[in-house]
Amino acid sequence: MKRESGSTLTAWMNHVKLPSTHPLGENVTCDVCVVGAGIAGLTTAYLLAKEGKRVVVLDSKEIGGGETSRTTAHLSNALDERYTNLIKTFGKESARLACQSHAQAIDKIEEIAKAESIDCDFVRVDGYLFANNREEEENLLQELEAVQQIGWADVVLRKKSPVGTLTALPCLQFPNQGRIHAMKYLAGLAQAFLNLGGKIFTDSHVIDFQPGMVTTAVTTTGHAVSANHMVVATNTPVNHRFQIHTKQAPYRTYAIGVQIPANSVEDALYWDTQDPYHYIRLQKNTTSEEQYDLLIVGGEDHKTGQHNHPIECFQELIRWTRLKFPMAEDVLYQWSGQVFEPVDGLAYIGRDPSHGENTFIATGDSGHGMTHGTIAGMLITDLIMSRPNAWEKLYDPSRSGLKAAGTFIKENMNVAAQIKDYLTSGDVGNPMQVMPGTGKIIRKGASKVAVYCDQDGIRHQCSAICPHLGCVVSWNSVESSWDCPCHGSRFDPFGKVITGPTKHDLGPAE
Ligand SMILES: Cc1cc2nc3c(=O)[nH]c(=O)nc-3n(C[C@H](O)[C@H](O)[C@H](O)COP(=O)(O)OP(=O)(O)OC[C@H]3O[C@@H](n4cnc5c(N)ncnc54)[C@H](O)[C@@H]3O)c2cc1C
Ligand code: FES
């Protein structure tokens with residue numbers, strides 16, 4: 001394992017060799033167009049190509065250039081939402097189906113990796129949900145009862161955690177979970193898809209979707225892919241302005257990779273029950289001379305665009321890790337990413353409620369995007385092949401957010417509260433107060449302007465108003481990006497869009 005040089009923000013999965021791809025340079029017709037080359041898009045594309053469909057994948061960036069390259073890749077059906085809550089929201093049978101779907105997603109990843117000989121460090125491990133205090137211990141007991149109610153019989157309460165320093169209280173042990181190197185898997189999946197005759201066009205940003213019997217995705221260069229079916233797997237749907245975005249909320253999450261002596265921590269997945277919770281796994285040595293393992297710890301989630309000093313999230317994560325894992329040595333990696341939390345805890349996968357029968361979406365990944373993305377592949381393939389699928393209703397994107405009314409109202413009140421940003425003064429009074437390498441919002445008359453000062457001291461200005469639904473963006477000093485606090489659109493320092501829901505850049509400064 002080599003220490004990364006230079007950047008303090010380095011994800012542990014970088015440097016995987018990807019199949020070679022290029023931008024869309026012509027108009028193409030096919031059976032299915034998939035927009036998004038992350039886990040959801042590529043799993044769907046691969047499974048449809050296996051069914052004999054002619055499939056084209058488009059992506060703004062490179063393969064895995066979205067959140068899939070930032071994941072910590074726990075593969076788990078011990079869902080964060082907890083079965084206690086899922087039973088309350090959806091009922092016992094649906095909670096059982098949710099559990100089954102994530103378990104089958106892990107099986108599917110294992111099956112594909114084996115069938116396509118993808119060397120991606122897939123390992124079956126147990127998962128441990130641990131309590132930090134008596135109240136959390138009580139929650140564990142309730143969760144045990146809930147998993148028993150849905151028929152998951154081999155989850156057990158253990159008196160002690162396998163890592164003594166983690167907690168002195170009991171923990172729940174979930175068998176047959178998994179871990180994987182997501183980018184090695186994705187690179188192999190992409191290659192397997194190409195081998196089946198599929199096509200992937202990268203650097204191909206879609207700016208327009210034209211629904212209809214034949215549905216079309218148009219890229220910024222004016223080239224188009226026309227297909228009988230469209231799958232929008234862009235993490236958050238970029239073909240929607242409103243509907244889905246009221247039912248999920250964007251959160252930033254942080255992860256670090258810490259060196260620990262080899263074999264000092266049992267190879268397993270670990271989660272606590274705090275809010276926000278911590279998620280921990282191991283990446284074991286892959287070569288025999290290595291003296292240490294990599295402990296990957298994540299957490300410190302907060303609403304996107306709503307933390308003034310996000311660097312503190314890393315500091316807190318490191319502090320917590322050293323407390324719980326005293327054997328932790330150097331921090332080798334640290335990175336952040338974005339997850340979309342659906343208000344009722346389950347992803348939205350299936351027919352797009354507002355774009356006709358032949359458009360499909362996969363979103364609302366939460367902390368289970370690797371399995372939700374794989375479920376998307378299986379479910380959308382069945383829908384396009386006109387086959388029944390037991391999970392269709394459970395993940396139906398048109399289901400009401402009011403099933404989880406409390407969270408739905410809380411998240412939408414939070415969005416409404418961002419309107420205050422129109423009325424406040426800026427972060428600073430004028431552009432000259434913006435220091436090199438940073439960004440600040442200034443007020444110019446009635447409007448707000450995002451000012452970025454580059455390392456040479458040149459100030460770049462663009463509108464601070466998000467083109468999605470008009471909230472005011474805020475500076476993310478960890479990622480050097482402008483992040484929208486309402487539905488999670490993100491932009492680079494010069495205003496170029498990185499992440500939807502918007503497809504558009506920030507406008508010129510008024
Ligand atoms: C730090 C972190 C830890 C995580 N840990 C876990 C974990 O342990 N287990 C787990 O299951 N999940 C985890 N997740 C969640 C999981 O990684 C993600 O949910 C999942 O990778 C999302 O996959 P996706 O295919 O939906 O989206 P992405 O991987 O983001 O892919 C979407 C693609 O769409 C492209 N795109 C967007 N807009 C356009 C457009 N207009 N035109 C063309 N292309 C476009 C993007 O470039 C991108 O490549 C974690 C996430 C983070 C950030
Ligand atoms: S993402 Fe919706 S207003 Fe910015």
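The table for this structure:
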{"quantity": "Residue match in region 183-195 (condition: in contact with a Cys (Cβ under 9 Å, 6 or more places away or on another chain), among the charged types (D, E, K, R) and either within 23 Å of Ala268 (Cβ to Cβ) or not assigned by TED's automatic domain parsing to the domain that holds Thr43 (or both))", "calculated": "yes"}
{"quantity": "Candidate set: region 442-490, residues that are closer than 26 Å to Glu312 by Cα and of a type in the set (Ser, Thr, Tyr); chosen: the one nearest to ligand 1 (Cβ to nearest atom)", "calculated": "Ser489"}
{"quantity": "Sole residue being in contact with a strand residue (DSSP E or B) (Cβ under 7 Å, 6 or more places away or on another chain) and farther than 21 Å from Ala45 by Cβ, chosen from Gly350, Gly337, Gly406, Gly345", "calculated": "Gly337"}
{"quantity": "Matching option when the condition is over 23 Å from Gln177 (Cα atoms), in contact with a strand residue (DSSP E or B) (Cβ under 8 Å, 6 or more places away or on another chain) and either modelled with pLDDT under 95 or not hydroxyl-bearing (Ser, Thr, Tyr) (or both), among His278, His245, His307", "calculated": "His307"}
{"quantity": "Those residues of region 17-32 which are surrounded by fewer than 17 Cβ atoms within 10 Å (Cβ to Cβ) and not acidic (Asp, Glu), in sequence order", "calculated": "Lys17, Pro19, Ser20, His22, Pro23, Gly25, Asn27, Thr29"}
{"quantity": "Selected residue (criterion: surrounded by the fewest Cβ atoms within 10 Å (Cβ to Cβ)) from residues of region 428-448 that are more than 14 Å from Gln461 (Cβ to Cβ) and more than 31 Å from the chain's Cα centre (by Cα)", "calculated": "Ala446"}
{"quantity": "Number of the condition not met by Ser161 [criteria: (1) within 24 Å of Leu295 (Cα to Cα); (2) free of Cβ contacts under 8 Å to residues at least 24 places away in the same chain]", "calculated": "(2)"}
{"quantity": "Qualifying residues in region 230-259 (those that are aliphatic (A, V, I, L, M) and more than 27 Å from Val57 (Cα to Cα)) - the one nearest to ligand 1 (Cβ to nearest atom)", "calculated": "Ala255"}
{"quantity": "Any hit, region 73-88, residues being among the small types (Gly, Ala, Ser), within 10 Å of ligand 1 (Cβ to nearest atom) and over 18 Å from Ser366 (Cβ atoms)", "calculated": "no"}
{"quantity": "Identity of the residue in region 144-194, charged (D, E, K, R) and surrounded by fewer than 22 Cβ atoms within 10 Å (Cβ to Cβ), that ends up farthest from Ala37 (Cα to Cα)", "calculated": "Lys159"}
{"quantity": "Criterion violated by Ala255 - all others in (1) modelled with pLDDT under 95; (2) not assigned by TED's automatic domain parsing to the domain that holds Gly377; (3) not basic (Lys, Arg) satisfied", "calculated": "(1)"}
{"quantity": "Listing of strands (runs of 3 or more DSSP E) fully contained in region 324-406 that carry 2 or more residues being at pLDDT below 95", "calculated": "331-342"}
{"quantity": "Of all residues making up region 210-227, the number that are modelled with pLDDT under 95 and in contact with a His (Cβ under 9 Å, 6 or more places away or on another chain)", "calculated": "1"}
{"quantity": "Hey, Ile118 touching a residue at least 60 places away in the same chain (Cβ under 8 Å) and part of a loop (DSSP other than H, G, I, E, B) or not", "calculated": "yes"}
{"quantity": "Leading residue by the ranking (farthest from ligand 1 (Cβ to nearest atom)) among those in region 28-72 that are of a type in the set (Ser, Thr, Tyr) and outside any loop (DSSP other than H, G, I, E, B)", "calculated": "Thr29"}
{"quantity": "Lone qualifier among Pro493, Pro501 - being within 16 Å of ligand 1 (Cβ to nearest atom) and closer than 23 Å to Asp203 by Cβ", "calculated": "Pro501"}
{"quantity": "Hey, Tyr333 closer than 30 Å to Ser354 by Cα and within 12 Å of ligand 1 (Cβ to nearest atom) or not", "calculated": "no"}
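Results for (1) under 24 Å from Ile296 (Cα atoms); (2) among the hydroxyl-bearing types (Ser, Thr, Tyr); (3) within 16 Å of ligand 1 (Cβ to nearest atom), shown as yes or no for each residue.
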position: Ser161; (1), (2), (3): yes, yes, no
position: Leu172; (1), (2), (3): yes, no, no
position: Asn195; (1), (2), (3): no, no, no
position: Val225; (1), (2), (3): no, no, yes
position: Asn228; (1), (2), (3): no, no, no
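The values are calculated or read from the model by the stated rules, or taken from the named source; none is laboratory data. What you see is a predicted model, and the numbers here were worked out from it, not measured in a lab. No Cβ is skipped: glycine too gets one built from the backbone with ideal geometry, and neighbour counts run over all protein chains shown.
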